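Colleague: Right, I'll just put the structure down here and ask away after.
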Amino acid sequence: MSILERLGLRRAAPAEDGDAVHRIASELEAMEPAAARHLALFAFLLARVANVDQEISDAETRQMERIVELFGGLSPSQAALVVTIAKAQNRLFGETQNFLAAREFRDTASEQQKHELLHCLFAVSAADDTITVAEEETIRVISRELLLTNDEYLAIRSEYRDKRAVFKA
């Protein structure tokens, strides 16, 4: 199963050899299935936070792409494709899939990976220089869904203190 299928998209008709999206999708299909699934969950959860206000800004998208590129060891074009798919899937299915994605990530990720995800969620929400109360609360909910302690959540959140909207008023 390809990463596109794992993200819930059906396979499109084969594209011409010169189609960049088709080439990138082929490269992603070469990933080990468990790693591809883990990356898809990671990207979906990033999109969940970015889409809290029902709009994913260009700054949030760029930050998500940088994070997915580093986290997944992908090229910039591959990361852009993964983020585009994750954003679309979150817009379409977020309400019904948010908890399920967090639970699966929780069950497959190490404690370090959960902490890294939390840092990345804060980084995405701070991409526009402000972490809103709604974004912060969504990250707290995800933290709980990952079974992280309140102290773990607060320790990571404290690193983003200067970006929190509650302190910018």
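The values are calculated or read from the model by the stated rules, or taken from the named source; none is laboratory data. Bear in mind that the values here come from a model prediction, so they are computed numbers and not experimental data. In this analysis, Cβ positions are derived from the backbone assuming ideal geometry, glycine residues included, and neighbour counts consider all displayed protein chains. All accessible areas refer to the heavy atoms of the entire protein, side chains included, with ligands and DNA or RNA removed. Shrake-Rupley method; radii C 1.70, N 1.55, O 1.52, S 1.80 Å.
This table checks each residue for (1) in contact with a Lys or Arg (Cβ under 9 Å, 6 or more places away or on another chain); (2) open to solvent by less than 80 Å² (accessible area, probe 1.4 Å); (3) over 22 Å from P33 (Cβ atoms).
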position	(1), (2), (3)
Q63	no, yes, yes
L81	no, yes, no
T108	yes, no, no
E116	no, yes, no
I139	yes, yes, yes
I142	yes, yes, yes
L147	yes, no, yes
A155	no, yes, yes
K168	no, no, yes
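Colleague: Looking at region 52-71, I want the residues that are more than 13 Å from A127 (Cα to Cα) and have a partner that is outside any loop (DSSP other than H, G, I, E, B) and open to solvent by 60 Å² or more (accessible area, probe 1.4 Å) with Cβ atoms under 9 Å, at least 6 apart or on another chain. Which pairs are those?
Modeller: Between residues of region 52-71 that are more than 13 Å from A127 (Cα to Cα) and residues that are outside any loop (DSSP other than H, G, I, E, B) and open to solvent by 60 Å² or more (accessible area, probe 1.4 Å), the close pairs are V52/E137; Q54/R91; E69/P76; F71/E116.
Colleague: I need the full set of residues from region 118-137 which are open to solvent by 10 Å² or more (accessible area, probe 1.4 Å) and among the β-branched types (V, I, T), in order please. Quick ask: steps written out before the conclusion?
Modeller: Filtering region 118-137 down to residues open to solvent by 10 Å² or more (accessible area, probe 1.4 Å) leaves 119-120, 123, 126-130, 132-134, 136-137.
T130, T132, V133 - these are the residues of region 118-137 that are open to solvent by 10 Å² or more (accessible area, probe 1.4 Å) and among the β-branched types (V, I, T).
Colleague: Taking A134, is it part of a helix (DSSP H, G or I), within 25 Å of A30 (Cβ to Cβ) and either touching a Cys at 6+ places or on another chain (Cβ under 6 Å) or not polar (S, T, N, Q) (or both)? Even if it seems obvious, please write down each step before you answer.
Modeller: Details: part of a helix (DSSP H, G or I): yes; within 25 Å of A30 (Cβ to Cβ): no; either touching a Cys at 6+ places or on another chain (Cβ under 6 Å) or not polar (S, T, N, Q) (or both): yes.
So A134 does not fit the description; no.
Colleague: Select from region 84-101 the residues that are of a type in the set (A, V, I, L, M, F, W, C) and over 20 Å from P33 (Cβ atoms) and list them in ascending order.
Modeller: Residues of region 84-101 that are of a type in the set (A, V, I, L, M, F, W, C), as a first pass: 85-86, 88, 92-93, 99-101.
Correct list: A88, L92, F93, F99.
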